[in-house]
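Engineer: Pasting in a structure now, in structure tokens, and then I'll have a few things to ask.
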Amino acid sequence: MRRLALVVIALVVLGAGCRSLTGRTVGQWVDDRTITARVKARLAETNVLTLTRVHVDTYDHTVYLTGGVDTLEMKHRAEQVAGEVPQVQVVVNNLHVLKVAPAASPPGEGATSSVPRVLRATGLARIDPESGTPAWTRYAGFDANGRRIATIFALPTADVTASGVRDLPVDVPADRLSIHPDGATSYVVMWQGEGDSVAGQ
């Protein structure tokens, strides 16, 4: 009986702590985690995109999608699938389209690039999604030899204009930084090591 009482007290304390730290009760937190798991499962079932490239997060029944997809159609389909999951009230779609359709490639270039058009002149040959939040998506940037030369953050241009890039989580040393606006999205490139000479254009 004493063990049961201790467990109940621990749950009450944990619940109170959770609410004070996140503004949500334990029940709300569990609901959001359940919604996230359901959205991921639905996306996997539809084969719309791979889970390694899309980050799903839920807060107060609002689902946030971040990461990269190959086409605009995939972006819209992911939002539709997430919105059909029970208990989802709003879907915030921050997915970025990485590939350009073959028709948009200049003559003589057979393969499409996974690098956004605005970053092609920088020397980046490939970018792979790493992680994301509702505010930004983070990518690893590679040169033509497969060496990692940059960390890239894609975020709304309005956010860069309003508050700069001070709040971006950088856990690797960067030699220099460049910002590439592309309409509503801006790419903040943090160059590392040998990539600095490649990107000095």
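Bear in mind these aren't lab numbers, they're just calculated from the coordinates by the rules spelled out. Only a predicted model underlies this, so the values are computations on that prediction, with no experimental measurement involved. FYI the Cβ positions are ideal-geometry reconstructions off the backbone, even for glycines, and counts take in every protein chain you see.
Engineer: For the pair R24 and E45, what calculated FRET efficiency results from E = 1/(1 + (r/R0)^6), where r is the Cβ-Cβ distance and R0 = 22 Å, to the nearest 0.05?
Structural biologist: After rounding, the FRET efficiency stands at 0.20.
Engineer: Let me ask something else. Can you give the FRET efficiency to the nearest 0.05 for A144 and I179, using r as the Cβ-Cβ distance and R₀ = 22 Å?
Structural biologist: 0.40
Engineer: Between V172 and T71, take the C-beta separation as r, use R0 = 25 Å, and let me know the FRET efficiency to the nearest 0.05.
Structural biologist: Result of the calculation: an efficiency of 0.25.
Engineer: A further question on this structure: Using label points projected 7 Å from each Cα along Cα→Cβ, tell me how many nm separate A158 and D31, to one decimal.
Structural biologist: Computed distance between label sites A158 and D31 equals 2.7 nm.
Engineer: Quickly rank 164-170, 138-144 as a protection proxy: mean count of other C-beta atoms within 10 Å, highest first.
Structural biologist: Ranked from most to least packed, the peptides come out as 138-144, 164-170.
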